[in-house]
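The values are calculated or read from the model by the stated rules, or taken from the named source; none is laboratory data. Computed from a predicted model, the values in this text were never measured in an experiment. Note that we place each Cβ from the backbone using ideal geometry, even for glycine, and neighbour counts take in every protein chain shown.
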Amino acid sequence: MKSKLLLRLLLFASALVAVQACENDPSRVVPVGAAGYFVVNEGGFGNNNTSISFFDRSTGKMTNNVFADKNGRALGDQAQSITVFDGKAYVVVQHSAKIEVIDADDYSSIKTISDGIESPRYLLPVSPTKAYISDWGADGVTGSVKVLDLTSMSITKSISTGKGPNELILREDKVYVANSGGYDTDNTVDIIDISTDAVTSHITVGDNPNSLRFDKDGNLWVISTGQFAYNEDYSIDVAHSTKSTLSKVVNGTEAARLSIDDIEYPGAAHLNINKAGDNLYYIFNGAVYSVSTSASTLPANALIGDKYFYGLAIDPITDEIIGCEAPDFSSPGAIYIYNNTTLSKTFTVGIAPNGVGFK
Amino acid sequence: MLGFILSFDALAQKNAADTTTLLNEVVITNTRLQAYAIGHYVQRVDSLTSKLSGVGNAAELFRKFGFGHIRSYGVGGLTTPSFRGTGASHTAILWNGINIISPLNGQSDLTLLPVTFIDDVQLQSGGSASLYGSGAIGGTIQFNNKAVFNQGLNVSLTENAGSFKTFFHGLSASYSSKRFITSTKVFQASAENNFPFLNDNFNPPKKDVRQHDAIEQHGVLQQNYFQINQRQLLSLRFWYQDNHVEIPEIASVTIPGKSTQRDQFFRSMIGWNYDYKNGHLFVQSAQVHHMLDYRNPNTNTVSITTFNSIINTFENTVDLGNDLEWTSGANYTYEDAIDVRSRNRFALYTAFKQQSGKWQNVLSARQETVNGKLTPFAPSFGLQYDAFKVLSFFGNVSRNYRIPTFNDLYWNDATAKGNPDLKMETSWSEEAGLKLNWIIQGQLALFSNQVDEMIYWTQTAGKWSPQNLHKAWTRGLESMGTYRKTFGKVSGELTVRYSYTLATNEDGKDLVFTPHHESGTTLRLGWRSYYFSVTNNYTGFQYTDESNDVLKAYDVANAWLSKDLSFKKLTMMFMIEMNNMFNSQVSTRPGYPLPGRNFKGGLTIRFNKPINQK
């Protein structure tokens, strides 16, 4: 009995590490992403037209607008992320300040969680009964991580963090939170102990860290957009801006900080890693860059530079690169799937796709 | 001659207590261009409608009485017209002949126009840039004041209250003699708009109350008219208004919004009309100052934008004999967006109107320059053929244009940048229709409007920027008919409006927020000094974005009951209004609900001391 529980926990933890911020059902033998993935389409801010699409790996088909079509109501305004866990999908709808919990298989609405949430970004299950939600706060500055009880589906605690907490990642009994600055600026990654739900320490990295991944050796990589200063005419004031950076964190301290020489809005973001855990991918100025975990400098040339991507993911099953293109915030976006640099598939999705959540 | 005018006026006058005005001499004090709307579908808001909606703003007037399509962010929110499937910047909105569209954003919010400040509202569908200049692509709305001499002293007080802490206080005083009129109107309007609604953005749906949706407006309109002599009239108008609006969050957002907007404006104009033998001269100079202050404490945003415009018009109308009339004019407009740019616009326009037998036709054209750059040449031709006593045919074709706004050209911040190389939008607009003056009075028009070089904001390389991206083709049918009948002492009137609009872009995709079908049905009954009116407005489904999300079709019905009373020199009108009678759950756009069933009631007391007739 005890060993079974231990095995479950072990499976659970390793699955999380393998696919970082994503999400798995620990009782399931099939790996995360085997069934397919959800695409999060942000929609136009203030237009209440965010949506989710689902890519079914068995049929190879993308179905759009699955929430509204199933439930007969709009999903809300500006979904930021989706996380699948234990048969349910948690759609984090930032501007609507809510989490829509749906059945991951038939997309039917289970519950809307809105009490105690202000400006949520990402959700990460940390145990079979508990999840963390990063939250910018109503002012975009007062950051916190909300503790969600997965049984009662209610917020039980709020943990104060740096500004603009964004992506979270779990390793062993600690959660690492990238404080992206929100409407201000920050340069830290908070570390939360999941047994006490308290911040134990933080790591200083480049300005405005937004996403983070562990590599095969257990080192933490953090990408930061840098901080932008503007001239009076709103062109970027390069002298007073800071560069986008990629930090390597070894044993809780920053061991290396690689930087991108060009300063271009909106900076580097969407850090991802391959299946083997030895090659990182990120977006800078809309292009996809690839860098080995053993590299000491960042590449000058993009891996995929002919598109302008708004979101990025690496398929944990096939290692394919999934690029999300948002031509604007009023017309349908597209998903481009690459086998290394070769475009293999494209799908039209909802408005402004910003990322995917694997099922 | 203007063709069809929907009118309950006859009925209203018949029952009106106040029939003492014997010598009402109405003088046209602005441009004569309204008389050149030959070949167009024109609607005029009649006096009873204005009377019933007298405590509202133009947005409510159009929404509740079903005059064409409007796009709205709820009761207190930005409301703009959409004629024949075109956008907010494709309608010219004129106040006594001057365009009050903001040169910054190309829009004018109809909620900022109190109906009490306006004597005459005319809606003209289709393009008419030859007469009214930039932006008159989908249609034109004209808000006019009238000078009525010989009315004596009039003082009127209006007090109204309604659901959701809605209040209106209005006071007006005027003195009108044979040669002189002075009139002052003030108003103060406020509403909390904290109405309950079922919020279905949650599972389970929750009973919610709209928050942070209050409005407060106050303003004054001062008018003076002076008949210098039989031939000359001087007019002077001054309008000041201050408007505070709380901008609510969309309904799916649980945390109340904090954004606010203040619109403060001054509009003043001086005009001189001179009648000479076989002709008429009109000279007007107007000034507009408008300050828009938008704040969002959540994002530390404070955006204050101000523009000043000076609009000068010189217009001459001459009767050439043989039923030929010729109007020509020059307009010089200076627009200054404070801290952004300014521009000089100079336009020449000319129009010939000919009437021969059963035929009437108008040929007109406009050429404008903006900072020395020529706008597209805008000609127009319209005609009407009165084939039978009860049936006329009409049609027109016009070329129209819109110059980009200051925001389109020069906007600059961290995430968006204007495009100074934008081209002007152009359009061709055609229509053909008929007017009926039989048992049923009505009009019907088939229209087509092709807009080219449409300006569209899009995101490239992380920044928003406008481009001349799209073409739009809007076409369809607009129609209305009225049937009147009297049963004993009860006068009845039934009006039905219906429009079909198909608006698509160059890929054949539907344009957003343009319902295919819209209709309105109004029944009015008058008995002694009671009036009853009920209107049902149907708005068909509409696409809300380019991924084919839709807003479902909806119906909203409103009813009014009023009673006139007179006592010596006092006239009183009591009014109650029930809006959304059937308590429909309606959103004007996704996440912007309208209130359920709600009420308004009040009275207007008017004191009249006629002028002593010698």
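Does B:ALA173 fit the bill of being of a type outside the set (Val, Ile, Thr) and closer than 27 Å to B:PHE67 by Cα? Answer is no for this residue.
The number of residues in region A:146-170 that are outside any loop (DSSP other than H, G, I, E, B) and out of contact with any Phe, Trp or Tyr (no Cβ under 6 Å at 6 or more places or on another chain) comes to 14. Taking region B:402-417 as the range and being within 20 Å of B:GLY127 (Cβ to Cβ) and either within 14 Å of chain A (Cβ to nearest Cβ) or assigned to a loop (DSSP other than H, G, I, E, B) (or both) as the test, the residues that pass are B:ILE403, B:PRO404, B:THR405. Within region B:546-561, being in a strand (DSSP E or B) and either within 14 Å of another protein chain (Cβ to nearest Cβ) or not β-branched (Val, Ile, Thr) (or both) holds for B:VAL550, B:LEU551, B:TYR554, B:ASP555, B:ALA557, B:ASN558, B:ALA559, B:TRP560, B:LEU561. Taken residue by residue, region A:56-78 has no member that is among the small types (Gly, Ala, Ser), at pLDDT 95 or above and surrounded by 23 or more Cβ atoms within 10 Å (Cβ to Cβ).
Within region A:336-359, track down each residue that is buried (at least 17 other Cβ atoms within 10 Å of the Cβ) and away from every other protein chain (no Cβ under 14 Å). Hits for region A:336-359 are A:TYR336, A:ILE337, A:TYR338, A:GLY355, A:VAL356, A:GLY357, A:PHE358, A:LYS359.
Against the test of being touching an Asp or Glu at 6+ places or on another chain (Cβ under 7 Å) and at pLDDT 95 or above, the options B:THR474, B:THR482 yield a single qualifying residue, B:THR482. For region A:255-271, does any single residue satisfy the condition of being assigned to a strand (DSSP E or B), within 14 Å of another protein chain (Cβ to nearest Cβ) and within 20 Å of A:ILE322 (Cα to Cα)? Yes - at least one qualifying residue is present in region A:255-271.
Filtered by the rule that a residue be more than 14 Å from every other protein chain (Cβ to nearest Cβ), closer than 28 Å to B:ASP109 by Cβ and buried (at least 16 other Cβ atoms within 10 Å of the Cβ), region B:275-294 gives B:GLN284, B:SER285, B:ALA286, B:GLN287, B:VAL288, B:HIS289, B:HIS290, B:MET291, B:LEU292. Considering region B:524-545, the residues that are among the charged types (D, E, K, R) and not in a strand (DSSP E or B) include one that is nearest to B:GLY481 (Cα to Cα), namely B:ARG528.
Residues that are part of a loop (DSSP other than H, G, I, E, B) and farther than 25 Å from B:THR111 by Cα: does region B:128-147 have at least one? No, region B:128-147 contains no residue that is part of a loop (DSSP other than H, G, I, E, B) and farther than 25 Å from B:THR111 by Cα. Go over the candidates A:VAL222, A:VAL238 one by one and state the one that is surrounded by fewer than 20 Cβ atoms within 10 Å (Cβ to Cβ) and either among the β-branched types (Val, Ile, Thr) or within 25 Å of A:ILE351 (Cα to Cα) (or both). Going through A:VAL222, A:VAL238 in turn, the sole match is A:VAL238. Scanning region A:250-285 for residues that are among the hydrophobic types (A, V, I, L, M, F, W, C), out of contact with any Lys or Arg (no Cβ under 7 Å at 6 or more places or on another chain) and surrounded by fewer than 22 Cβ atoms within 10 Å (Cβ to Cβ), we see that the one that is farthest from A:ASN231 (Cα to Cα) is A:VAL250.
Of all residues in region A:107-131, exactly one satisfies the criterion of being more than 24 Å from A:PHE55 (Cα to Cα), facing chain B (nearest Cβ under 10 Å) and not in a loop (DSSP other than H, G, I, E, B), namely A:ILE113. The lone criterion from (1) part of a strand (DSSP E or B); (2) farther than 30 Å from B:VAL155 by Cβ; (3) touching a residue at least 40 places away in the same chain (Cβ under 8 Å) left unmet by B:GLN585 is number (1). Within region A:171-224, the set of residues being in contact with a strand residue (DSSP E or B) (Cβ under 7 Å, 6 or more places away or on another chain) and in a loop (DSSP other than H, G, I, E, B) comprises A:ASP173, A:SER180, A:ASP186, A:ASN187, A:ILE194, A:ASP197, A:VAL205, A:GLY206, A:ASP207, A:ASN208, A:ASP215, A:ASN219.
The condition (being assigned to a strand (DSSP E or B), more than 14 Å from every other protein chain (Cβ to nearest Cβ) and farther than 19 Å from B:LEU391 by Cβ) is satisfied by just one residue among B:GLN467, B:GLN441, B:GLN450, B:GLN459: B:GLN450.
Selection of region A:310-329 for residues being in a loop (DSSP other than H, G, I, E, B), under 20 Å from A:PRO266 (Cβ atoms) and either among the aliphatic types (A, V, I, L, M) or away from every other protein chain (no Cβ under 14 Å) (or both) yields only A:ALA326.
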